[in-house]
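Notes follow the structure.
The values are calculated or read from the model by the stated rules, or taken from the named source; none is laboratory data. Keep in mind that this is a model prediction, so the values were computed, not measured. Here Cβ is always computed from backbone atoms with ideal geometry, including for glycine, and neighbour counts include all displayed protein chains. Just so you know, the surface numbers come from the protein's heavy atoms only, side chains and all, with ligands and any DNA or RNA stripped out. Shrake-Rupley method; radii C 1.70, N 1.55, O 1.52, S 1.80 Å.
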Amino acid sequence: MTMMQHNTDHVLFYGDSRNNMIRSKKKGGDDDDDSIMLVLVLLNYHLPRFTPILWDQASLHVCADGGANRLYDELPLWFPDDDPADVRQRYKPDVIKGDLDSIRPEVKEYYSEMGVKIIDKSHDQDTTDLHKCVIFIRDYVPDLDKNHIKLLVLGGLGGRFDHEAANINVLYTFATVLRIVLLSEESSLTLLPSGYLHEIHVNRSFEGPHCGLVPLGAPSTSTTTTGLHWNLDDTPMAFGSLISTCNLLESDIVTVRSDAYLLWTTEIRYKP
Ligand SMILES: Nc1ncnc2c1ncn2[C@@H]1O[C@H](COP(=O)(O)OP(=O)(O)OP(=O)(O)O)[C@@H](O)[C@H]1O
Ligand SMILES: Cc1ncc(C[n+]2csc(CCO)c2C)c(N)n1
């Protein structure tokens, strides 16, 4: 498989190292982010209408179990003038992985005959399909490239709350291994580990104005930000007290420093 080709095309969304990424510098660490490779994971929930744009920019495309049904069913509907078979050939995943209890048999057979790698982990009923896909990506990508990967999870927000909570747990589980962003058509969500100065480059042509910083795993005794309408200045945050929601972007660059892991969310505005 030649899945990990470097993607040097201009990137409109979530991959442009100048416009839209989070640079997280440890004190004294290198700022080594010239080239970002996008990896997509498609879940079995509403795929955002911008999925085809991201697809063209990504180097690796993975479906989590029933996410393959979404790709098979929904992509042809977005290209009504094209033959569905041509659309499915254009948007052919590299891998389908999961416990395979949701992918329909005809969809599995269709992609299998196209040569798509299908990984059956039905024996594992303790981790979610997204977790299984992230393990595949973690093990597939050489260590040297991991800093340059941005994993976008399409259909990662909204829907059943237990699935959303599991997706957020994946952010925590792999926080120091891979940069992961959960996406829906309305929001992005990523985790900012503590101990870094996070320099977040937002693209206000499609992100914002609303945004939030949420100490989900544990309270923060001190968070300091720049670039927001309501900045925090060595401020504590905790559930039951202050959390920063309904905040507003005031700059293309937001900086965050905190003693706790924080979820960072932005509003997404997309008009097809
Ligand atoms: N209703 C939903 N809301 C939000 N996310 C979903 C929903 N259904 C599926 N997903 C996401 O898509 C992934 C793959 O979906 P799939 O239907 O194959 O999962 P599953 O493990 O069979 O789910 P279930 O708990 O329904 O048995 C899930 O792991 C989850 O992340
Ligand atoms: C304590 C505990 N709670 C729930 C599950 C169930 N579960 C968690 S992930 C998963 C796979 C979904 O594709 C399933 C069935 C478990 N194993 N352990």
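Condition (residue is surrounded by fewer than 18 Cβ atoms within 10 Å (Cβ to Cβ) and away from ligand 2 (no atom under 16 Å from the Cβ)) applied to region 176-183: is it met by at least one residue?
Residues of region 176-183 that are surrounded by fewer than 18 Cβ atoms within 10 Å (Cβ to Cβ), as a first pass: 176-177.
Those still in the list that are away from ligand 2 (no atom under 16 Å from the Cβ) too: 176-177.
Scanning region 176-183 turns up at least one residue that is surrounded by fewer than 18 Cβ atoms within 10 Å (Cβ to Cβ) and away from ligand 2 (no atom under 16 Å from the Cβ).
Applying the set (1) surrounded by 21 or more Cβ atoms within 10 Å (Cβ to Cβ); (2) in a loop (DSSP other than H, G, I, E, B) to Thr127 leaves exactly one unmet item: (1).
Counting the residues of region 220-247 that are part of a loop (DSSP other than H, G, I, E, B), open to solvent by less than 70 Å² (accessible area, probe 1.4 Å) and over 18 Å from Glu207 (Cα atoms) gives 3. Thr128 meets the conditions (1) within 15 Å of Leu38 (Cα to Cα); (2) within 16 Å of ligand 2 (Cβ to nearest atom); (3) hydroxyl-bearing (Ser, Thr, Tyr) in every case but one. The failed one is (1).
Of all residues in region 133-161, exactly one satisfies the criterion of being over 14 Å from the mean Cα position of the chain (by Cα) and open to solvent by less than 10 Å² (accessible area, probe 1.4 Å), namely Val141. Here the helices (runs of 4 or more DSSP H) wholly within region 50-107 that include at least 2 residues being of a type in the set (D, E, K, R), modelled with pLDDT of 95 or more and exposed (fewer than 15 other Cβ atoms within 10 Å of the Cβ) are 84-90.
For region 248-262, the tally of residues that are assigned to a loop (DSSP other than H, G, I, E, B) and either under 11 Å from Ser222 (Cα atoms) or open to solvent by 40 Å² or more (accessible area, probe 1.4 Å) (or both) stands at 5. When every residue of region 193-210 is checked against the conditions, none turns out to be in contact with a strand residue (DSSP E or B) (Cβ under 6 Å, 6 or more places away or on another chain), polar (S, T, N, Q) and not in a loop (DSSP other than H, G, I, E, B). Residues that are within 15 Å of ligand 2 (Cβ to nearest atom), in contact (Cβ under 8 Å) with a residue 12 or more places away in the chain and closer than 30 Å to Thr265 by Cβ: does region 87-97 have at least one? Checked region 87-97: at least one residue is within 15 Å of ligand 2 (Cβ to nearest atom), in contact (Cβ under 8 Å) with a residue 12 or more places away in the chain and closer than 30 Å to Thr265 by Cβ. The sole residue among Gly217, Gly195 that is away from ligand 1 (no atom under 16 Å from the Cβ), open to solvent by 40 Å² or more (accessible area, probe 1.4 Å), touching a Lys or Arg at 6+ places or on another chain (Cβ under 8 Å) and at pLDDT below 95 is Gly195. The residues in region 135-152 that are within 15 Å of ligand 2 (Cβ to nearest atom) and either closer than 23 Å to Glu186 by Cα or in a loop (DSSP other than H, G, I, E, B) (or both) can be counted, and the count is 0.
Summed over region 31-76, the residues that are more than 11 Å from ligand 1 (Cβ to nearest atom), of a type in the set (Ser, Thr, Tyr) and over 13 Å from the mean Cα position of the chain (by Cα) give a count of 3.
Answer yes if at least one residue in region 103-116 is in contact (Cβ under 8 Å) with a residue 12 or more places away in the chain, of a type in the set (Ser, Thr, Tyr) and away from ligand 1 (no atom under 12 Å from the Cβ), and no otherwise. It would help to see each step written out before you state the result.
Initially, region 103-116 is screened for residues in contact (Cβ under 8 Å) with a residue 12 or more places away in the chain, giving 103-104, 107-108, 110-111, 114, 116.
Still in the list and also of a type in the set (Ser, Thr, Tyr): 110-111.
Those left that are additionally away from ligand 1 (no atom under 12 Å from the Cβ): 110-111.
Among the residues of region 103-116, at least one is in contact (Cβ under 8 Å) with a residue 12 or more places away in the chain, of a type in the set (Ser, Thr, Tyr) and away from ligand 1 (no atom under 12 Å from the Cβ), which makes the answer yes.
Every condition in (1) open to solvent by 30 Å² or more (accessible area, probe 1.4 Å); (2) free of Cβ contacts under 8 Å to residues at least 60 places away in the same chain; (3) within 23 Å of Met37 (Cβ to Cβ) is met by Glu164 except one, and the failing one is (3).
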